[in-house]
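Trainee: Quick one: structure below, then a few questions.
The values are calculated or read from the model by the stated rules, or taken from the named source; none is laboratory data. This one's a predicted model, so the numbers in the text were calculated from it and none came from an experiment. FYI the Cβ positions are ideal-geometry reconstructions off the backbone, even for glycines, and counts take in every protein chain you see. Note: accessible area is taken over every heavy atom of the protein model, side chains too, but ligands, DNA and RNA are not part of it. Shrake-Rupley method; radii C 1.70, N 1.55, O 1.52, S 1.80 Å.
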2 protein chains.
Amino acid sequence: MISIVILGTGNVAKHLYDAFLITDNVKILQVVGRTEDKLLAYSKHTEVISDYRYLMDADIYLIAVSDDAIAEVSKKIKDKKGLIAHTSGSCELDVLVPNQRRGVFYPLQSFTKGKKVDFLEIPICLEAKHHDDFMLLQQLAHLISDKVFHISSEQRKTIHLAAVFVNNFTNHLYQIGSEICAEKKIPFELLQPLIQETAHKINTLNPHEAQTGPARRGDMTTINNHLGLLENKTYKEIYSLLSNSIQKDYEQEL
Amino acid sequence: MISIVILGTGNVAKHLYDAFLITDNVKILQVVGRTEDKLLAYSKHTEVISDYRYLMDADIYLIAVSDDAIAEVSKKIKDKKGLIAHTSGSCELDVLVPNQRRGVFYPLQSFTKGKKVDFLEIPICLEAKHHDDFMLLQQLAHLISDKVFHISSEQRKTIHLAAVFVNNFTNHLYQIGSEICAEKKIPFELLQPLIQETAHKINTLNPHEAQTGPARRGDMTTINNHLGLLENKTYKEIYSLLSNSIQKDYEQEL
């Protein structure tokens with residue numbers, strides 16, 4: 001049995017909490033948060049605290065707070081003997097208070113409030129200062145996920161950068177698509193199956209093979225027509241830049 | 001029973017053929033193609049021809065060839081009495097030879113060779129010169145899809161433009177993500193669940209609500225770190241432009 005304390009009450013904290021709550025061999029001793037109303041979602045099954053003086057001794061402290069609060073929270077628990085791990089994709093291991101048992105437990109997923117996820121499929125990226133601590137994090141991660149990876153702080157930075165492209169920027173392209181449709185009173189749901197299929201294809205094809213469209217074909221007539229249709233200056237720039245970038249990838253094949 | 005002839009042997013032709021072949025109340029009379037080897041995939045259950053002199057009389061001729069060949073193919077069948085419809089997202093209705101019964105039967109999906117799709121979920125965008133012809137296309141479309149829409153040529157252009165953003169450009173972002181990972185020997189499969197979830201979210205949230213990430217939060221430290229990590233000049237430009245565009249959307253909320 002691994003005993004843990006979760007520090008934080010946001011999306012990542014809640015999804016980890018839900019996953020561990022229904023898992024054998026893990027005991028969530030406490031959830032720590034600043035405000036009572038946010039702790040309410042945890043108090044039915046678990047002790048919740050706001051005052052660090054009541055913090056219990058646990059095997060692992062999982063810090064699931066915003067990036068800029070991680071250092072501060074880790075300072076508050078620096079006298080505990082347990083392993084302290086943060087759950088952030090973009091923060092280095094060393095953001096945690098030094099001279100401690102330290103690690104990273106980063107579930108690579110975009111969590112939405114109220115939307116359940118299948119944790120078994122979520123990659124968990126682990127890192128630790130000491131080998132024994134790594135083994136402990138690995139044991140914990142395998143209790144909820146089939147996909148556990150040893151990822152250094154430097155690799156994690158790269159993953160986070162790549163994630164910005166495939167998640168944040170992709171969502172912004174959805175936003176642009178929805179605005180373009182709204183202007184002409186076209187329901188955005190028309191594009192839903194295409195969006196799902198575009199993502200689904202990547203499970204079986206690599207993105208280079210899966211690429212289609214006017215830029216891929218070098219079809220300048222359609223590209224110029226599209227640029228003519230776009231009124232928003234920024235969206236025009238995005239269209240040009242992405243089309244040029246695609247064309248560079250395939251210019252030797254045309 | 002509606003009788004149809006499919007002109008073309010590419011991806012769209014094959015997916016439409018497969019859908020109609022297993023549908024009651026449609027009879028595929030012929031498939032027309034230029035080369036014997038491409039017609040092979042159709043010849044087991046259907047008559048295939050390359051010579052337009054043998055073209056039969058059908059209720060509907062579906063032209064599923066590349067955009068720049070549509071006009072030429074429509075000329076070759078101009079003496080037929082049946083309704084002629086092309087299947088392209090980006091071509092106007094008027095690309096078809098005039099003074100004819102003309103229409104558009106555009107299935108809004110990105111088709112991949114060998115990858116089956118659920119046609120019931122695919123939006124089919126219809127247009128026709130005459131009301132009776134529209135009703136006939138609608139009857140045909142409803143035999144394979146639950147999502148049938150009346151879409152004008154102008155709206156279809158807009159949809160195609162939006163589709164370039166949510167499909168072609170999104171796939172290019174996957175490509176950039178995979179390159180960034182490959183450089184640091186990180187398996188791209190780590191990003192797969194995130195990619196699927198990003199697309200999946202859009203079924204329940206609108207893209208504006210679903211947006212997350214450093215640009216959404218106005219987190220300039222992370223943005224600058226990421227720009228520092230990117231070596232490819234074009235990818236750096238894409239990162240800046242998309243981040244600025246996201247920040248514009250949310251600047252009033254920050």
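Trainee: Are there any pairs, at least 6 apart or on different chains, whose C-beta atoms fall under 6 Å, with the first in region B:162-181 and at the interface with another protein chain (Cβ under 7 Å from one of its Cβ atoms) and closer than 22 Å to A:E189 by Cβ and the second open to solvent by 10 Å² or more (accessible area, probe 1.4 Å) and assigned to a helix (DSSP H, G or I), and if so, which?
Mentor: B:A162/A:I180
Trainee: Can you confirm whether region A:142-152 contains a residue that is within 7 Å of chain B (Cβ to nearest Cβ) and either of a type in the set (F, W, Y) or farther than 25 Å from A:Y17 by Cβ (or both)? Before you say what the answer is, go through the steps one by one.
Mentor: Of region A:142-152, the ones within 7 Å of chain B (Cβ to nearest Cβ) are A:149.
Filter once more, so that each one left must be either of a type in the set (F, W, Y) or farther than 25 Å from A:Y17 by Cβ (or both): A:149.
The answer is yes, given that some residue of region A:142-152 is within 7 Å of chain B (Cβ to nearest Cβ) and either of a type in the set (F, W, Y) or farther than 25 Å from A:Y17 by Cβ (or both).
Trainee: Mind listing whichever residues of region A:219-242 are part of a helix (DSSP H, G or I) and either more than 8 Å from chain B (Cβ to nearest Cβ) or open to solvent by 90 Å² or more (accessible area, probe 1.4 Å) (or both)? Even if it seems obvious, please write down each step before you answer.
Mentor: Start the filter on region A:219-242 by keeping residues that are part of a helix (DSSP H, G or I), which leaves A:220-229, A:233-242.
A:M220, A:T221, A:I223, A:N224, A:N225, A:L227, A:G228, A:K233, A:K236, A:S240 - these are the residues of region A:219-242 that are part of a helix (DSSP H, G or I) and either more than 8 Å from chain B (Cβ to nearest Cβ) or open to solvent by 90 Å² or more (accessible area, probe 1.4 Å) (or both).
Trainee: May I pose another question? Within region A:199-218, can one find any residue that is in contact with a strand residue (DSSP E or B) (Cβ under 7 Å, 6 or more places away or on another chain) and basic (K, R)? So that I can check it myself, show each step before the final result.
Mentor: Taking region A:199-218 as the starting set, the residues that turn out to be in contact with a strand residue (DSSP E or B) (Cβ under 7 Å, 6 or more places away or on another chain) are none.
Among the residues of region A:199-218, not one is in contact with a strand residue (DSSP E or B) (Cβ under 7 Å, 6 or more places away or on another chain) and basic (K, R), which makes the answer no.
Trainee: Then there's this: Mind listing whichever residues of region A:9-36 are without any contact (Cβ under 8 Å) to a residue 60 or more places away in the chain and assigned to a loop (DSSP other than H, G, I, E, B)?
Mentor: A:T9, A:G10, A:I22, A:G33, A:R34, A:T35
Trainee: Please note which strands (runs of 3 or more DSSP E) are completely contained in region A:44-101 and include at least 1 residues that are more than 23 Å from A:Q139 (Cα to Cα). Give the derivation first.
Mentor: Numbers: elements: A:47-49, A:60-63, A:83-86.
In region A:44-101, A:47-49 are the strands (runs of 3 or more DSSP E) which contain 1 or more residues that are more than 23 Å from A:Q139 (Cα to Cα).
Trainee: Among the numbered criteria (1) at pLDDT 95 or above; (2) out of contact with any Asp or Glu (no Cβ under 9 Å at 6 or more places or on another chain); (3) not aliphatic (A, V, I, L, M), which one does B:R102 miss?
Mentor: For B:R102, the exception is condition (2).
Trainee: Any chance region B:62-74 includes a residue that's buried (at least 16 other Cβ atoms within 10 Å of the Cβ), farther than 24 Å from B:H130 by Cβ and charged (D, E, K, R)?
Mentor: no
Trainee: Let me ask you something else. Within region A:112-120, is even one residue closer than 17 Å to A:H86 by Cα and open to solvent by less than 30 Å² (accessible area, probe 1.4 Å)? Spell out how you get there, then give the answer.
Mentor: First pass over region A:112-120, keeping only residues closer than 17 Å to A:H86 by Cα: none.
No: zero hits.
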